[in-house]
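J.: Have a look at this one before I ask anything.
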Amino acid sequence: MKPRVEIRYCSLCRWLLRSAWLAQEILSTFTDEVGEVALIPGEKGQFQILVDGQLIWCRVLDEGFPEAKEIKQRLRDHIAPQFDLGHSERKS
């Protein structure tokens, strides 16, 4: 079974577009590795990304919003360590 990614966002803060953009980035990069990306309206000020229930990004803990590159790297490290991200790869 392929992993489920959840993007929990604050609808009061109007973070739906940011969430949808990241969902598109995830789905276009991990076409065969991810089963679904769910956009879930959450609590006030919330912006979190989870993979199969495991937190990989939190706006509060990580002090801000992620770049697509950072999310792709964290997601790759979690679900497909051998996956080559090409230009989004970490610099050595």
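The values are calculated or read from the model by the stated rules, or taken from the named source; none is laboratory data. What you are looking at is a predicted structure, and each value in this text was computed from that prediction instead of being measured. Note that we place each Cβ from the backbone using ideal geometry, even for glycine, and neighbour counts take in every protein chain shown.
J.: Return only the number of the condition from (1) in contact with a strand residue (DSSP E or B) (Cβ under 6 Å, 6 or more places away or on another chain); (2) farther than 21 Å from Pro81 by Cα that Arg4 does not satisfy.
T.: Arg4 satisfies all of (1) in contact with a strand residue (DSSP E or B) (Cβ under 6 Å, 6 or more places away or on another chain); (2) farther than 21 Å from Pro81 by Cα except (2).
J.: Out of the residues in the stretch 42-56 that are touching a helix residue (DSSP H, G or I) at 6+ places or on another chain (Cβ under 9 Å) and of a type outside the set (A, V, I, L, M), which is surrounded by the fewest Cβ atoms within 10 Å (Cβ to Cβ)?
T.: Gln54
J.: Could you please tell me which pairs satisfy a Cβ distance under 7 Å, a separation of 6+ or placement on different chains, a first residue in the stretch 21-45 that is of a type in the set (Ser, Thr, Tyr), and a second residue that is assigned to a helix (DSSP H, G or I) and surrounded by 12 or more Cβ atoms within 10 Å (Cβ to Cβ)?
T.: Here the result reads Thr29/Lys72, each pair linking the stretch 21-45 to a residue that is assigned to a helix (DSSP H, G or I) and surrounded by 12 or more Cβ atoms within 10 Å (Cβ to Cβ).
J.: Return yes or no: is Leu39 surrounded by fewer than 18 Cβ atoms within 10 Å (Cβ to Cβ) and within 12 Å of the chain's Cα centre (by Cα)?
T.: Taking the combined requirement at face value, the residue satisfies it.
J.: Test each condition in (1) among the acidic types (Asp, Glu); (2) under 23 Å from Leu17 (Cα atoms); (3) surrounded by fewer than 16 Cβ atoms within 10 Å (Cβ to Cβ) for Asp62 and report the one that comes out false.
T.: Here Asp62 clears every test but (3).
Matching residues to (1) at pLDDT below 95; (2) of a type in the set (S, T, N, Q); (3) surrounded by 14 or more Cβ atoms within 10 Å (Cβ to Cβ):
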residue: Arg4; (1), (2), (3): no, no, yes
residue: Tyr9; (1), (2), (3): no, no, yes
residue: Leu22; (1), (2), (3): no, no, yes
residue: Ser28; (1), (2), (3): no, yes, no
residue: Cys58; (1), (2), (3): no, no, yes
residue: Lys91; (1), (2), (3): yes, no, no
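J.: Give the stretch 70-81 a look and list any residue that's loosely packed, with under 14 Cβ neighbours inside 10 Å and either touching a Gly at 6+ places or on another chain (Cβ under 8 Å) or farther than 16 Å from Leu55 by Cβ (or both), or say none.
T.: Across the stretch 70-81, the qualifying residue is only Pro81.
J.: Same structure, new question: How many residues does the stretch 4-38 hold that are basic (Lys, Arg) and assigned to a loop (DSSP other than H, G, I, E, B)?
T.: Counting residues in the stretch 4-38 that are basic (Lys, Arg) and assigned to a loop (DSSP other than H, G, I, E, B) gives 1.
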